[in-house]
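Please treat every number below as a calculation from the coordinates, not as lab data. This one's a predicted model, so the numbers in the text were calculated from it and none came from an experiment. Ideal geometry is used to build each Cβ from the backbone, glycine not excepted, and the neighbour counts take in all protein chains shown.
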Amino acid sequence: MTNRTALFAGIAAAALSLQPSAAWSQTEAPVAAPAAPAAPAPYTPPSAPAPAETTAPAETPPEPAPGLAPADAAATPAAPAAPAATASAPTTTDDGVLAAVQALPLPIEDVQIVGPWTDGDKSGVWRTVMLQVGPPEKESYRFFIQQLEKSAATTNVLSTTEIKEIPGINGAIVGYRADEPTEGDTTGLTLFFDIVPSDGEISETYELHYFKDQPYTFGPATN
């Protein structure tokens with residue numbers, strides 16, 4: 001009896017020792033640890049955008065002229081630009097006149113037409129010419145009256161008379177003028193001179209009476 005009891009006790013003990021192993025084998029295997037996250041990729045800056053291609057603006061064709069179809073306008077050439085204006089050199093109609101003026105003697109100081117004359121069927125004008133001659137410290141005047149005959153075709157010098165008293169004047173001739181001719185007197189000439197004496201400041205008046213083919217008179221004015 002005792003052996004039997006001991007046998008059952010051994011069997012029971014063996015069964016108890018096997019229960020933990022069976023229980024452990026029946027438990028689920030532990031879950032594996034999650035994998036470590038992958039390292040982030042290194043930062044790469046975006047590349048600069050390629051420059052956009054620039055194109056020249058298209059030329060705008062000129063608008064067609066009014067009244068022309070587009071085809072006609074294209075065939076019509078543009079008007080040429082007007083040439084720049086250039087100043088032209090002055091010209092003379094008679095080179096002989098210019099040469100005559102340039103040939104005037106330098107002492108000539110004054111030339112005037114002082115009045116008309118008539119003699120029968122002839123007519124013309126009286127012309128005066130005044131010169132200033134001599135050295136600067138002792139200048140003197142010379143005065144001439146010319147009778148010019150004028151026609152449709154030509155002009156002639158009929159006579160030239162010098163007024164001999166003028167060079168002896170002690171002063172400066174500052175001007176002269178013609179007097180109105182008397183009625184019916186068409187062959188004479190009267191002139192008034194304004195002369196400033198060398199030792200004075202107030203001008204004095206002299207008068208000249210000239211007659212064709214007669215002696216003239218010259219001296220201080222009487223009125």
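As a rough footprinting exposure proxy, the listed residues Thr205, Thr118 were ranked by other beta carbons within 10 Å of their own, and the order from fewest upward is Thr118, Thr205.
Listed values for segment 119-125 are Karplus-derived 3J(HN,Hα) couplings in whole Hz (6.51 cos²θ - 1.76 cosθ + 1.60, θ = phi - 60°), namely 8, x, 8, 9, 7, x, 9, and x replaces Gly and Pro. A cut-off of 5 Å between modelled amide H atoms, ignoring neighbours fewer than 5 places along the same chain, links Glu109 with Met130, Leu131, Gln132. Listed by chain and number, the lysines whose C-alpha is less than 21 Å from the C-alpha of Lys122, apart from same-chain residues fewer than 8 away, are Lys150, Lys212. Note on Lys138: lysines with a C-alpha under 30 Å away, same-chain residues under 8 apart excluded, are Lys164. How fast does segment 103-220 diffuse by Stokes-Einstein, in µm²/s, taking the Kirkwood radius from C-alpha pairs at 10 °C and 1.306 mPa s? Estimated via Stokes-Einstein, D reaches 103 µm²/s. Packing here is the average count of other Cβ atoms within 10 Å per residue, and on that basis the peptides 211-220, 97-106, highest first, run 211-220, 97-106.
Loop-located GluC sites (Glu not before Pro) across segment 110-175 with a Cβ neighbour count of 14 or fewer within 10 Å are Glu139, Glu165, with loop assigned by DSSP.
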